[in-house]
Amino acid sequence: MTKTAVILGVGPAEGLGAYLAVKAAEEGLHVIVSGRTQTSLDAVVEIISSSGGQATGIVADATDLSSANTLIKKAEAIGPIDLAIYNAGNNFPGNFLTMEAEYFENAWRVCTLGGFVFAQATLKAMLERAAGTLIFTGASASMRGKPNFAAFTAAKAGLRAMAQSLAREFQPQGIHLGHIVIDGGIMGEKVVTAYPKFAEIAGEDGLIGLTGIAEAYMYLYRQPRNAWTLELDLRTHKENF
Ligand SMILES: NC(=O)c1ccc[n+]([C@@H]2O[C@H](COP(=O)([O-])OP(=O)(O)OC[C@H]3O[C@@H](n4cnc5c(N)ncnc54)[C@H](OP(=O)(O)O)[C@@H]3O)[C@@H](O)[C@H]2O)c1
């Protein structure tokens, strides 16, 4: 049975989720691409299939607990999950004084609670085999707060803290945990569409490249169990940090 990779948080083809899916397929895994939009998933499945890889699209909402649990069950039915990536986590900027509690809560639901549900279901499956890699996508907000980013920072820092706890609990049981801090904007459809001028001025070296990011995840995936990395941080050489 072919091993599977599950990527939750796959959107446009020129986006991180899609690049992670393509790279995971190149590792010989049957990739389960998951997000909320069937057409986006179909496009990524087509990219992988047309280059000889295996992929299946499954619609799931990370904040809907039963939907995320069903995703893991369906993936396991296709093949044992060897790589799982929690990539959902839109940016949630907002003025703190006027922010509704619901907005703050939604940031936490997408970035943190979704990661918990995904991790719990994935770990239960992986622990039966005492093998597998589970990686979470972080952002600058995972490491430090900034004005107008209280909701996003609280949520992403929570996800990072959870990843650290899981590493200490489950690595001794054979599961590799990873957290990747993407410290800056990504040169992908999200930034190019929302901030075209900014993307143009930043240029290829001013935003983080999708291929390099996706390769970092696969580097963690390929590590032998006697040399595991928990966290990587990625930024362009131009980043002032
Ligand atoms: N873009 C950047 O500049 C940047 C910078 C630093 C860190 N990051 C991190 O990188 C990750 C992904 O980045 P991205 O959003 O820019 O691009 P992406 O990987 O291309 O897209 C992620 C996709 O996740 C899906 N998604 C969102 N909420 C979901 C939910 N509740 N359940 C299931 N799927 C969901 C969305 O597609 P649907 O709407 O179709 O579901 C979204 O397009 C996030 O964790 C983000 O925090 C991004």
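Of note:
- Both numbers refer to the Cα atoms of segment 113-213; Rg and Dmax are 16.2, 49 Å.
- Note that segment 117-174 shows a convex hull volume over its alpha carbon atoms of 69 Å³ per residue.
- Cα-based radius of gyration of the chain once divided by 2.2 N^0.38 Å, which approximates compact folds: 0.96
- When every Cα-Cα distance of segment 173-231 is counted in 5 angstrom steps from zero, the calculated P(r) takes the values 4, 16, 24, 16, 13, 11, 9, 5, 3, 0 percent.
- For segment 4-234, share of DSSP beta bridges that run antiparallel, in % to the nearest 5: 0
- Computed over segment 4-234: relative contact order in percent, which uses C-alpha pairs under 8 Å that are six or more apart: 19
- According to the calculation over all Cα-Cα pairs in segment 43-167, the P(r) per 5 Å bin from zero is 2, 11, 18, 19, 18, 14, 10, 6, 3, 1, 0 %.
- The ranking of Ser34, Ser50 by Cβ neighbour count inside 10 Å, starting from the fewest, reads Ser50, Ser34.
- Relative to the longest principal axis of the Cα atoms of the chain, the long axis of helix 38-50 makes an angle of roughly 60 degrees.
- Based on DSSP H segments of at least four residues, each scored -39500 (n - 2.57), the chain has a per-residue ellipticity at 222 nm of -14000 deg cm²/dmol.
- Those chymotrypsin sites (Phe, Trp or Tyr not before Pro) in segment 67-135 that DSSP places in a loop and that have at most 14 other beta carbons within 10 Å: Phe96
Bear in mind these aren't lab numbers, they're just calculated from the coordinates by the rules spelled out. Everything numeric here is computed off the predicted structure, so don't read it as measured data. So basically every Cβ, Gly included, is an ideal-geometry build from the backbone, and we count neighbours across all protein chains shown.
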